[in-house]
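A short write-up of the structure that comes next.
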Amino acid sequence: MSNRGLLASLALLAGTLAAIAHTRLELVSVELQEALALALSQLMAALVALLCLGIEPWRAPLALADRGLYAWHYIQRHPQWLLGMVVCVAVLRPVRISKWLGRSVLAWQMLHRLSVGNRKHLAEIPHNIHRGKDDE
């Protein structure tokens, strides 16, 4: 009878060892999956960085092409502006148009600088600008 008890104990020990080994293998498997997922995400981040570096030299030419396409679509949607320019050239003639064109470009640049300058320098204005020297 003691043999049966010993064999039952050994069978129970073998089952316990098998369960422990199975649990350990599952843990190792999960850790390997997590390590693989981390390695793949790092690889993807590196590939994205390489792609961004490769595309960087194309940024300025593509932006210029995009602006050209935008201008083309704008002219297609608003052909009256193109017609207006042709009429202005026909009416004002090239001699007078150069004078007016120079003035209009100068006016546009001044307005553009004022609008950009106002937006740029609004953040630099001190908060106590409305106070006098006595109030400080």
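The values are calculated or read from the model by the stated rules, or taken from the named source; none is laboratory data. All figures in this text were calculated on a predicted structure; none of them were measured in a lab. Note that we place each Cβ from the backbone using ideal geometry, even for glycine, and neighbour counts take in every protein chain shown.
Kindly list the number of the only condition in (1) at pLDDT 90 or above; (2) more than 45 Å from the chain's Cα centre (by Cα) that fails for Val48.
(2)
Give the residues of region 48-63 that are surrounded by 10 or more Cβ atoms within 10 Å (Cβ to Cβ) and under 30 Å from Val86 (Cα atoms), sorted by residue number.
Across region 48-63, the qualifying residues are Leu62, Ala63.
Determine whether Lys99 is surrounded by 10 or more Cβ atoms within 10 Å (Cβ to Cβ) and either modelled with pLDDT under 70 or charged (D, E, K, R) (or both).
yes
Checking the structure you have, find out if any residue of region 12-21 is assigned to a helix (DSSP H, G or I), exposed (fewer than 10 other Cβ atoms within 10 Å of the Cβ) and not basic (Lys, Arg).
No, region 12-21 has no match at all.
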